[in-house]
Each structure stands twice: as structure tokens, then as C-alpha cells.
Amino acid sequence: MSTPERVIVLDIEGTTTSISFVYDAMFPFVRRELDRYLDAHEGEPPMTADVALLRAQAEEDVAAGLEGAVPIPEDGAEGLMEAVRASVLWQMDNDRKTTGLKSLQGKIWKAGFESGELKGHVFEDVPGRLEAWAGAGVPVYIYSSGSVSAQKLLFGYSEAGDLTRYLDGYFDTRIGSKKEADSYRAIADEIGVAPETITFVTDNLAEAVAAREAGVEAILSLRPGNPALPQDHGFPTVTSLTEVP
Ligand SMILES: [Mg+2]
């Protein structure tokens with residue numbers, strides 16, 4: 001494939017998708033389905049692997065003296081699942097993004113998206129714009145702090161159907177923090193283009209600053225429900241992806 005002249009990289013929350021979808025639909029779904037999921041999969045290898053991660057995390061948290069951290073007993077011990085449940089809810093109450101929690105949440109979301117109980121929110125302009133970019137030969141990538149597997153679920157089972165056919169790839173924080181310029185350099189390297197080729201759209205000013213520091217063109221997304229931006233931030237803004245030049 002020849003090197004593209006232009007590449008689009010999109011943030012999710014506050015850019016393609018309302019921030020409230022994550023907090024009002026995805027996280028509450030995990031809380032609602034947790035008991036049923038734990039009961040249905042207790043003792044199965046994928047679950048015991050997640051429980052081991054959660055147990056190691058809990059040991060770390062208890063050792064660090066974190067108030068409310070819930071220790072998890074060994075496999076087969078009495079009260080194991082109650083402890084797992086309490087540990088997961090405590091982590092979620094504290095907005096943790098630990099590996100064990102993300103892995104378990106990911107499995108619950110996967111079941112929800114596949115059954116149709118969850119559908120990924122995308123703003124109205126998103127499907128048409130993705131299709132237009134694809135038609136014009138402009139590659140589009142996603143860069144979000146949500147895991148790549150969660151990103152694929154959101155776009156694969158969106159309110160507008162499967163949008164993954166318009167997407168060329170996905171990045172999460174394994175490539176680095178969204179607030180570090182090096183992450184945008186690494187993304188350009190991975191795609192195989194110069195940073196100057198990339199247009200990055202995000203609602204977050206610190207992310208836009210980091211992208212620009214790397215040489216990427218950054219555009220700020222203004223969507224309903226986004227937190228207000230400071231005045232004089234110095235970036236172009238759009239209220240819809242159709243306004244991205
Ligand atoms: Mg965002």
C-alpha cells in the first residue's frame with residue numbers, strides 16, 4: 001500500500017461518542033450484570049485468570065493501605081465470589097483502571113454487545129463521515145484510553161451497525177498515555193507516516209497539546225455533555241466530524 005497523504009485519528013469519548021454513554025450505560029451494565037456473570041462462569045479458566053489478577057491487585061492495594069480494599073481468598077475458599085464481587089465494586093467506585101478489572105469488565109461488555117443488550121453510542125454524523133473517509137481512501141484510526149477490545153465492541157455493535165469496516169486500526173494506552181507527545185510519535189511510526197500527516201480529533205485539551213507537540217494537527221471536538229474548555233486554547237474546533245477539513 002502506498003503511503004497515505006492524510007490519516008485521521010479519532011478519540012472516542014467526547015468525540016465519536018457521548019461521555020455519558022460510558023458512565024450512564026457501560027459502567028452501570030457491569031454493576032447490573034456482575035452477579036449473574038460471576039455465578040454463570042465461576043471456576044471456568046477465563047474467570048479464574050481474572051480472579052487471580054484481581055487477587056494480586058487486592059494484595060497490592062491492601063499492602064499500600066488503601067482504605068476499603070477487599071482481599072480475595074484462594075480459589076475454592078468459602079466466600080470467594082462475594083469477595084470478588086465486593087472487590088470489583090470497590091474498584092469501580094474508585095474509578096480504577098486496573099488490568100484485572102478491565103479484563104473482567106471487557107468480558108461482561110462483550111456478552112452485552114453480542115446479545116444486543118448494549119449498543120455503542122455514536123453521534124449522528126459519525127457513520128456517514130467514516131464511510132466518506134473510507135470512500136476517499138483516507139485511513140481512520142481510533143486512539144482511546146478504553147482497551148482495543150472494548151473499542152472494537154463499541155464500533156462493531158454500534159447503534160448504526162458495524163462501523164469497524166471503516167476503521168483501519170486501533171490504539172489504546174499500551175502505546176502510551178494520551179497526554180504524552182511520544183505516544184503520537186509512536187502511533188505515526190506504527191501507521192508508517194510522518195506525524196504531520198495525521199489529524200487527531202479529541203475533546204481533551206491536554207491530549208491536543210501533546211499531539212501538537214509531536215507535530216500532529218490537533219482539532220478539538222465540541223459535543224453535547226463535554227466539559228467546558230478554557231478560553232483562548234488556540235486550537236481549531238468542530239461540533240461534528242463533517243466539519244473536519
Ligand atoms: Mg475524549
Return a yes/no flag: does segment 141-158 have any residue that is farther than 30 Å from ALA40 by Cα and surrounded by fewer than 18 Cβ atoms within 10 Å (Cβ to Cβ). no
In segment 221-232, which residue that is within 15 Å of the ligand (Cβ to nearest atom) and part of a loop (DSSP other than H, G, I, E, B) is surrounded by the fewest Cβ atoms within 10 Å (Cβ to Cβ)? ALA228
Tell me, which residue of segment 193-208 that is in a helix (DSSP H, G or I) and without any contact (Cβ under 8 Å) to a residue 24 or more places away in the chain is nearest to the ligand (Cβ to nearest atom)? PRO195
If I filter segment 209-220 down to residues being outside any strand (DSSP E or B) and in contact with a helix residue (DSSP H, G or I) (Cβ under 6 Å, 6 or more places away or on another chain), which single residue comes out as farthest from the ligand (Cβ to nearest atom)? GLY215
Is at least one residue of segment 66-76 acidic (Asp, Glu), out of contact with any Cys (no Cβ under 8 Å at 6 or more places or on another chain) and in contact (Cβ under 8 Å) with a residue 24 or more places away in the chain? yes
From the option list ASP35, ASP61, ASP39, ASP24, single residue qualifying as surrounded by 14 or more Cβ atoms within 10 Å (Cβ to Cβ), in a helix (DSSP H, G or I) and of a type in the set (D, E, K, R) is ASP61
Taking THR239, is it out of contact with any strand residue (DSSP E or B) (no Cβ under 7 Å at 6 or more places or on another chain) and under 21 Å from ILE19 (Cα atoms)? yes
Quick one: which residue in GLY135, GLY128, GLY169 is of a type outside the set (A, V, I, L, M, F, W, C) and without any contact (Cβ under 8 Å) to a residue 24 or more places away in the chain? GLY135
Exactly one of these conditions fails for VAL9: (1) in a loop (DSSP other than H, G, I, E, B); (2) more than 19 Å from MET92 (Cβ to Cβ); (3) of a type in the set (A, V, I, L, M). Give me its number. (1)
Check segment 87-99 and report whether any residue there is part of a helix (DSSP H, G or I), touching a residue at least 24 places away in the same chain (Cβ under 8 Å) and assigned by TED's automatic domain parsing to the domain that holds VAL209. no
So, of the residues in segment 138-150 that are modelled with pLDDT of 95 or more and outside any loop (DSSP other than H, G, I, E, B), which turns out to be farthest from LEU101 (Cα to Cα)? VAL140
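The values are calculated or read from the model by the stated rules, or taken from the named source; none is laboratory data. None of the values given here were measured: they were computed from a predicted structure. Ideal geometry is used to build each Cβ from the backbone, glycine not excepted, and the neighbour counts take in all protein chains shown.
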